[in-house]
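Heads up, the thing below is written out as C-alpha cells.
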Amino acid sequence: MPLNTAAPTLSPAPAAVDDAELSAVLVLDVSGRVVAANHSARQLWGATEKSLIGRPFAKLLVLDGGSDDSASFEAQWKAFLAVALDRSTHHLVQPLQGTPREVFVRIERATGGAGSFIASLRLRAA
C-alpha cells in the first residue's frame, strides 16, 4: 500500500448506530429560538432542519407550566437558561411525533456569536 493512500474507513450502517451515540446539537439565538440543528437533532425530534428553525427551544422540551404564547416561551427560556447554562441537566424532549425521550442537556454560550447559545443533548442511558 503506498504511503500516500489513506486507509479505508469503516462506518456502521445507519440502523446499527446506537442511540447512546446520539449527540444532538442546536444553535439558539438570544431568545432561545433554534437557528440551526445538526443531523442528530433532526433525528431526535423527527424533524427537518427547516421545521426546527425558529421554534422556541422551550417548546421542544417537556416543561411544567406556561402556555403557547411567546411571553411564556421567553420566561421558560430564561428559567431553563438559569438551570442549564454551563452544566448538564436531565430533561424530557418532545419529538414532533411520538413519546418524550429522556436526555441530558447542556447550554453553553457560543463563541463569536453575539448572544447565541449551543444546546448539546445526549440521550440518557436506559
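The values are calculated or read from the model by the stated rules, or taken from the named source; none is laboratory data. From a predicted model like this one, the values you see are computed outputs, not experimental measurements. So basically every Cβ, Gly included, is an ideal-geometry build from the backbone, and we count neighbours across all protein chains shown.
With Ala20, Ala7, Ala82, Ala16 as the choices, which residue is at pLDDT 85 or above and not charged (D, E, K, R)? Let's see the steps before the verdict.
Details: Ala20 fails: at pLDDT 85 or above; Ala7 fails: at pLDDT 85 or above; Ala16 fails: at pLDDT 85 or above.
Answer to the check: Ala82.
Every condition in (1) touching a residue at least 60 places away in the same chain (Cβ under 8 Å); (2) surrounded by fewer than 17 Cβ atoms within 10 Å (Cβ to Cβ) is met by Leu85 except one, and the failing one is (1). The residues on offer are Leu96, Leu81, and the sole one that is out of contact with any Leu (no Cβ under 8 Å at 6 or more places or on another chain), part of a loop (DSSP other than H, G, I, E, B) and under 19 Å from Ala37 (Cβ atoms) is Leu96.
Residues in the stretch 39-78 that are over 15 Å from Leu121 (Cβ atoms) and outside any helix (DSSP H, G or I): Thr48, Ile53, Gly54, Pro56, Asp64, Gly65, Gly66, Ser67, Asp68, Asp69. Hey, among the residues in the stretch 101-126 that are at pLDDT below 80 and of a type outside the set (A, V, I, L, M, F, W, C), which one's nearest to Val83 (Cα to Cα)? Looking at residues that are at pLDDT below 80 and of a type outside the set (A, V, I, L, M, F, W, C), I get Arg124.
When the stretch 99-125 is filtered for residues that are among the β-branched types (Val, Ile, Thr) and either over 18 Å from Asn38 (Cβ atoms) or in a strand (DSSP E or B) (or both), the ones remaining, listed by number, are Thr99, Val103, Val105, Ile107, Ile118. Only residues that are at pLDDT 95 or above and touching a Lys or Arg at 6+ places or on another chain (Cβ under 8 Å) were counted across the stretch 34-49, and they come to 1.
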